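Written below as structure tokens is the structure these notes are about.
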Amino acid sequence: MSDDAYNFAYLDEQTKRMIRRALLKALAIPGYQVPFASREMPMPYGWGTGGVQVTAACLTPDDVLKVIDQGADDTTNAVSIRRFFQRTAGVATTESTAEATVIQTRHRIPETPLTEGQILVYQVPIPEPLRFLEPRETETRKMHELEEYGLMHVKLYEDIARHGEIATAYAYPVKVEGRYVMDPSPIPKFDNPKLSDNPAIQLFGAGRESRIYALPPYTQVVSLDFEDHPFRASKADHACDLCGAAESYLDEVITDDAGSRMFVCSDTDFCTGRQAAGHRGRLSPLSKEIA
Amino acid sequence: MTAPQDASVLSGGFVEPAVQSAHAFRALLAAMARPGTMQTVTGAQPPAPLSVAAGVALLTLADPTVPVHLAGAADTEAVRAWIAFHCGAPLVAAESAAIALGTWDALQPVSRFSMGLPDYPDRSATLIVELPALTASGAHLRGPGIRDRAELSLPETAAFIANRARFPLGFDCLFTSGSTLAALPRSTIVENA
């Protein structure tokens, strides 16, 4: 079957209209999870079916698409989704954050600051921040309705009682415009400050759970915390071993069986950009040659 | 059987639905994400008195699952037939509409439109408000999507201040004039100029 057998961006027009209506309502009620009739996609749940449906509903032929998985452009999930839209929508693709108009992401916000006109689409596994505290949808819905978020603070408090600090490191809950508590998807809490006051449109799609939510640009997003235990965006206490960046989020890579390790930027585009600009880290080939 | 329609009913839709509705949606998305910004849309030629922008919004959002209400002068035989052919949307009373279309005066009282439910605030009406002119001046807007302050030539402010007071309940508005559209979601704080 030829690729022309598909509608532009794979989904049929009626499905796109349904998703588009949900997206507009999601923007009108920032942080509120809008139910939508999630479709089966030609990839398994957990591979970003929600993000893919949101991206498909947003794409135009003029777009330049970037897809990242944990910050990397070259991992299986990112490559397969990028190729999916190359085939079904014929859009241009890029690995450069600055050149992209639509960025679909799994679990990271790019290090390069986003700009007005860009759209960041998050893949979300569990959109309900209260789900692991209260499994019943009827109850969590009522809790959002009544702004009854005490349970979430109890959870954070129990973190402090047990570990001496808020140990939640990813999917760190946030409050949007003082109203809805929202799951920012499993991004590291290092990325939480970038959610707030961001010039880009941020859209969240959860395929298996059939939920869409959104943050318009310049929305106030606050990470939940306590006066005596304020929120801290944490990262590994190293510089990138390839590009030397001290301010980027790092992945820890085990390099042998003797416990050697290196830290590298999780955002591959950011790291290669810095290396191309001449920055070097502890383990980059050039610095070895010099040594 | 209804009487045979004028053939003009069959025209005025998107020629390339997938691509044109994608561009139209991006304009709607940008408008709703950045209240008060003007977007220009093309591709629809709905019958009078509908504007191009209102036609584009209908083609992009309405289908057989979306009950539409036509208010006042927008409720003509030609418009009904055009929506029936191009969107297939059922035409309903104001109270049960997901999308309502008309001039601001014709849409009054706006309190009759669905504001959503406390547990499902998304189940609310979207009003497509036809204005004689649309400019980025007038009432002051603050809130999500607006960096500092925006301005929009709203037909009045009291109704939108009341609408914001009910947040997260409330209706959302698309303002259309010619081929220009702007949006005012319920989250926007409206102040008199």
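The values are calculated or read from the model by the stated rules, or taken from the named source; none is laboratory data. Please read all numbers here as calculations on a predicted model, not as lab measurements. All Cβ positions, glycine included, derive from the backbone under ideal geometry; neighbour counts span all protein chains shown.
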**Q.** Out of A:166, A:119, sole residue that is in the same structural domain as residue A:43 (by TED's automatic domain parsing), among the hydrophobic types (A, V, I, L, M, F, W, C) and modelled with pLDDT of 95 or more
**A.** A:119
Q. Considering B:168, B:155, which residue is in contact with a Phe, Trp or Tyr (Cβ under 7 Å, 6 or more places away or on another chain) and within 20 Å of residue A:212 (Cβ to Cβ)?
A. B:168
Q: Would you be able to say whether some residue in segment B:3-21 is among the hydrophobic types (A, V, I, L, M, F, W, C), in a loop (DSSP other than H, G, I, E, B) and surrounded by fewer than 17 Cβ atoms within 10 Å (Cβ to Cβ)?
A: yes
Q) If you go through segment B:28-58 one residue at a time, how many are surrounded by 21 or more Cβ atoms within 10 Å (Cβ to Cβ), touching a helix residue (DSSP H, G or I) at 6+ places or on another chain (Cβ under 8 Å) and within 12 Å of chain A (Cβ to nearest Cβ)? A) 6
Q: Scan segment A:135-166 residue by residue and report those that are closer than 23 Å to residue A:205 by Cβ and more than 14 Å from every other protein chain (Cβ to nearest Cβ).
A: A:135, A:152
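Residues are listed down the side, and each one gets a yes or a no for (1) on the phi < 0 side of the Ramachandran plot; (2) buried (at least 18 other Cβ atoms within 10 Å of the Cβ); (3) over 16 Å from the mean Cα position of the chain (by Cα); (4) outside any loop (DSSP other than H, G, I, E, B):
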{"position": "B:136", "(1), (2), (3), (4)": "yes, no, yes, no"}
{"position": "B:141", "(1), (2), (3), (4)": "yes, yes, yes, yes"}
{"position": "B:144", "(1), (2), (3), (4)": "yes, yes, yes, no"}
{"position": "B:160", "(1), (2), (3), (4)": "yes, yes, no, yes"}
{"position": "B:175", "(1), (2), (3), (4)": "yes, yes, no, yes"}
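Residues checked against (1) among the aliphatic types (A, V, I, L, M); (2) surrounded by 17 or more Cβ atoms within 10 Å (Cβ to Cβ); (3) free of Cβ contacts under 8 Å to residues at least 40 places away in the same chain; (4) more than 24 Å from residue B:143 (Cα to Cα):
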| site | (1), (2), (3), (4) |
| --- | --- |
| A:203 | yes, yes, no, no |
| A:207 | no, yes, no, yes |
| A:210 | no, yes, no, yes |
| A:216 | no, yes, no, no |
| A:220 | no, no, no, no |
| A:223 | no, yes, no, no |
| A:228 | no, no, yes, yes |
| A:248 | no, yes, no, yes |
Q) Only one residue in A:158, A:111 is assigned by TED's automatic domain parsing to the domain that holds residue A:26 and surrounded by fewer than 13 Cβ atoms within 10 Å (Cβ to Cβ), so which one is that? A) A:158
Q: Select, from A:149, A:122, the only residue that is among the aromatic types (Phe, Trp, Tyr), within 21 Å of residue A:33 (Cβ to Cβ), touching a Ser or Thr at 6+ places or on another chain (Cβ under 9 Å) and surrounded by 16 or more Cβ atoms within 10 Å (Cβ to Cβ).
A: A:122
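Could you list, in sequence order, all residues of segment B:108-123 that are assigned to a loop (DSSP other than H, G, I, E, B) and either of a type in the set (Lys, Arg) or in contact with a Cys (Cβ under 9 Å, 6 or more places away or on another chain) (or both)?
B:123
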Q: Tell me which residues, restricted to segment B:82-134, are acidic (Asp, Glu), crowded, with 19+ Cβ neighbours inside 10 Å and over 14 Å from the mean Cα position of the chain (by Cα).
A: B:122
(Q) Given (1) crowded, with 16+ Cβ neighbours inside 10 Å; (2) more than 12 Å from chain A (Cβ to nearest Cβ); (3) in contact (Cβ under 8 Å) with a residue 40 or more places away in the chain, identify the lone condition not met by residue B:154. (A) (3)
Q) outside any loop (DSSP other than H, G, I, E, B) and over 18 Å from residue B:29 (Cα atoms): does that describe residue B:148? A) no
Q) If you go through segment A:1-55 one residue at a time, how many are part of a helix (DSSP H, G or I), more than 9 Å from chain B (Cβ to nearest Cβ) and either of a type in the set (A, V, I, L, M, F, W, C) or surrounded by fewer than 24 Cβ atoms within 10 Å (Cβ to Cβ) (or both)? A) 8
Q) Condition test on residue A:60, is it more than 18 Å from the chain's Cα centre (by Cα), more than 21 Å from residue A:200 (Cβ to Cβ) and within 14 Å of another protein chain (Cβ to nearest Cβ)? A) no
Q. Where residues in segment A:122-144 are in a loop (DSSP other than H, G, I, E, B) and in contact (Cβ under 8 Å) with a residue 60 or more places away in the chain, which of them is nearest to residue A:185 (Cα to Cα)?
A. A:124
Q | Subset of segment B:108-148 [of a type in the set (Gly, Ala, Ser) and within 14 Å of another protein chain (Cβ to nearest Cβ)] | A | B:114, B:116, B:124, B:125, B:143, B:145
Q) Can you tell me which residue in segment A:58-81 is surrounded by the fewest Cβ atoms within 10 Å (Cβ to Cβ), limited to those that are in a loop (DSSP other than H, G, I, E, B) and β-branched (Val, Ile, Thr)? A) A:75
Q.
Residue pairs, Cβ under 8 Å, 6 or more apart or interchain, first in segment A:150-162 and under 17 Å from residue A:223 (Cβ atoms), second exposed (fewer than 14 other Cβ atoms within 10 Å of the Cβ) and not small (Gly, Ala, Ser). List them.
A. A:153/A:226; A:156/A:226; A:157/A:226; A:159/A:165; A:160/A:226
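Condition check ((1) within 14 Å of another protein chain (Cβ to nearest Cβ); (2) in a loop (DSSP other than H, G, I, E, B)) across all residues:
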residue	(1), (2)
B:60	yes, no
B:65	yes, yes
B:69	no, no
B:79	no, no
B:82	no, no
B:101	no, no
B:106	no, no
